[in-house]
Amino acid sequence: MQSTDTQNTETQSTDTQSTEMQSTEMQSTEMQSTDPASRATSAGNAERERSPEPVVGARLELLTSLYERMLLAHELDLESVAMQRQGILPGYAPARGQEASQVGSASALDRTRDFAFPTYRELGVAVALQADMIGYLASHQGAWHGGMYDFAASRLAPINAVVGAPVPHAMGWAMGEKLAGRDGCSIAYFGDGASSQGDVHEAMNFAGVWSLPVVFFCQNNGWAISLPTDKQVAGGSVAARAAGYGMPGVRIDGNDVLAVYDAVQDALARARSGGGATVIEAMTYRAGPHSTSDDPGRYRTLAEEQSWLSRHPVTRAERQLRASGVDDDYFETALADARAEVERVRAGVLAIGPRSTAEMFDFVFADPPATFGAQRALAMMEANND
Ligand SMILES: Cc1ncc(C[n+]2csc(CCOP(=O)(O)OP(=O)(O)O)c2C)c(N)n1
Ligand SMILES: [Mg+2]
């Protein structure tokens with residue numbers, strides 16, 4: 001792990017793999033607080049003071065590609081909010097502030113064999129997995145539940161708005177891989193709020209008992225709608241819970257894209273070699289509202305939000321690239337490319353037409369029962385009469 005500000009949760013475990021995992025962590029005094037306001041201020045100040053660590057060679061190439069994905073995710077996220085305000089998307093859950101956690105984690109996956117299970121706030125994951133972003137936004141556009149991208153090809157399960165539900169899904173998929181004797185790993189996305197759901201406990205316990213190849217990736221963004229983390233997470237640490245499931249837990253700086261990438265790569269390597277599951281708690285910040293229907297001004301201060309701007313993962317990666325010798329021309333081209341892609345996606349979203357009524361029935365049963373056929377026929381007749 002490269003980052004200087006990851007934090008050891010002091011998770012205790014009895015197995016050797018978890019000891020090994022913990023020894024790769026770096027200690028930090030940052031981000032101790034679970035209170036978003038004080039965490040934001042101290043983290044923001046520390047980030048301003050730190051000079052970015054230059055990178056070279058393959059590491060620079062990696063950071064460049066992660067930066068381009070983060071930039072696209074950032075620009076597309078802003079555009080998605082704009083499209084909601086313009087009445088093109090009925091609703092959207094912004095991912096601003098979480099670009100490094102999302103892009104870093106998904107980019108570490110092997111798209112030939114791994115699989116990601118997202119929540120409703122994972123646009124950066126979809127970008128990193130190269131999902132069709134028009135199909136991804138079709139879900140937010142209200143055209144189709146879960147999105148119209150190719151789930152199998154992109155290795156990204158449908159968007160899931162049930163809090164905590166992607167976690168047992170990822171665990172079950174990992175169980176399937178193990179039973180089939182394959183070496184794919186899954187990653188479960190969930191938030192700090194979701195970590196208190198029963199589903200998450202059951203999935204982690206099951207994965208611990210069966211030593212399943214799954215990465216439990218919690219984005220601790222400080223908030224579960226209007227509830228701060230300390231009202232959601234007793235004990236203050238999601239990573240620390242891993243000890244109770246017999247697996248390693250690490251808390252990392254979720255705004256440092258290389259640190260996120262490294263932590264997920266480590267966890268995948270362990271899982272692939274039979275070492276089982278890992279809990280990763282990526283400390284980040286939900287810079288925008290919970291969703292486009294939310295007004296965060298009712299429960300947090302503008303000062304808190306602004307103190308996080310200096311820590312923004314995209315500008316942070318830009319600073320690191322500049323410190324590594326990357327010049328203005330590169331950044332201008334990268335932004336122009338991202339904006340051109342955003343325009344392409346926007347045009348595609350605008351062109352999404354109504355779906356056929358038949359599709360509502362097409363993907364429900366492999367062998368539809370007779371009554372189902374009658375319902376389908378009735379719905380089709382009514383649709384044709386519209
Ligand atoms: C099972 C369930 N309970 C409640 C909700 C309503 N809800 C939607 S998002 C959310 C907060 C989730 O917070 P967190 O897990 O921290 O994720 P974040 O929104 O911060 O990404 C809640 C309570 C839901 N969608 N599903
Ligand atoms: Mg949250």
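The values are calculated or read from the model by the stated rules, or taken from the named source; none is laboratory data. The structure displayed is predicted, hence computed values, not measured ones. In this analysis, Cβ positions are derived from the backbone assuming ideal geometry, glycine residues included, and neighbour counts consider all displayed protein chains.
For the structure I just gave you, tell me whether residue 254 is of a type in the set (Gly, Ala, Ser), buried (at least 24 other Cβ atoms within 10 Å of the Cβ), in contact with a strand residue (DSSP E or B) (Cβ under 7 Å, 6 or more places away or on another chain) and more than 26 Å from residue 175 (Cβ to Cβ).
Taking the combined requirement at face value, the residue satisfies it.
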Working only within segment 233-263, note down all residues that are among the charged types (D, E, K, R) and in a strand (DSSP E or B). 251, 253
Complete set of residues in segment 209-246 that are over 25 Å from residue 311 (Cβ atoms) and among the aromatic types (Phe, Trp, Tyr): 210, 245
For segment 194-217, which positions are farther than 22 Å from residue 296 by Cβ, surrounded by 23 or more Cβ atoms within 10 Å (Cβ to Cβ) and in contact (Cβ under 8 Å) with a residue 40 or more places away in the chain? 204, 207, 212, 213, 214, 215, 216, 217
Select from segment 73-130 the residues that are β-branched (Val, Ile, Thr) and either surrounded by fewer than 24 Cβ atoms within 10 Å (Cβ to Cβ) or part of a loop (DSSP other than H, G, I, E, B) (or both) and list them in ascending order. 81, 88, 112, 119
If the requirement is being over 23 Å from the mean Cα position of the chain (by Cα) and exposed (fewer than 12 other Cβ atoms within 10 Å of the Cβ), which of these qualifies: 383, 374, 379? 374
Quick one: is residue 307 at pLDDT below 95, more than 16 Å from ligand 2 (Cβ to nearest atom) and hydroxyl-bearing (Ser, Thr, Tyr)? yes
Among 255, 220, the single one that is touching a residue at least 60 places away in the same chain (Cβ under 8 Å), more than 10 Å from ligand 1 (Cβ to nearest atom) and more than 21 Å from residue 111 (Cα to Cα) is 255
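Hey, among 89, 76, 137, 129, which residue is touching a Ser or Thr at 6+ places or on another chain (Cβ under 6 Å) and more than 16 Å from ligand 1 (Cβ to nearest atom)?
Selected residue: 129, the only one of 89, 76, 137, 129 that is touching a Ser or Thr at 6+ places or on another chain (Cβ under 6 Å) and more than 16 Å from ligand 1 (Cβ to nearest atom).
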Could you list, in sequence order, the residues of segment 203-232 that are in a loop (DSSP other than H, G, I, E, B), within 16 Å of ligand 2 (Cβ to nearest atom) and modelled with pLDDT of 95 or more? 221, 222, 225, 226
How many of the residues in segment 336-351 are over 26 Å from residue 142 (Cβ atoms) and surrounded by 14 or more Cβ atoms within 10 Å (Cβ to Cβ)? 1
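If you go through segment 161-192 one residue at a time, how many are more than 16 Å from ligand 2 (Cβ to nearest atom) and part of a loop (DSSP other than H, G, I, E, B)?
5
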Of the listed residues (238, 264), the one being within 15 Å of ligand 2 (Cβ to nearest atom) and buried (at least 24 other Cβ atoms within 10 Å of the Cβ) is 238
Can you pull out every residue in segment 48-67 that is of a type in the set (A, V, I, L, M), surrounded by 14 or more Cβ atoms within 10 Å (Cβ to Cβ) and not in a loop (DSSP other than H, G, I, E, B)? 60, 62, 63, 66
Out of 343, 318, 305, sole residue that is within 25 Å of the chain's Cα centre (by Cα), within 16 Å of ligand 1 (Cβ to nearest atom) and not in a loop (DSSP other than H, G, I, E, B): 305
Quick one: residue 346 ticks every box in (1) under 28 Å from residue 289 (Cα atoms); (2) in contact with a Pro (Cβ under 6 Å, 6 or more places away or on another chain); (3) of a type outside the set (A, V, I, L, M) except a single one, so which number is it? (2)
Looking at this structure, is residue 70 modelled with pLDDT under 95 and crowded, with 20+ Cβ neighbours inside 10 Å? no
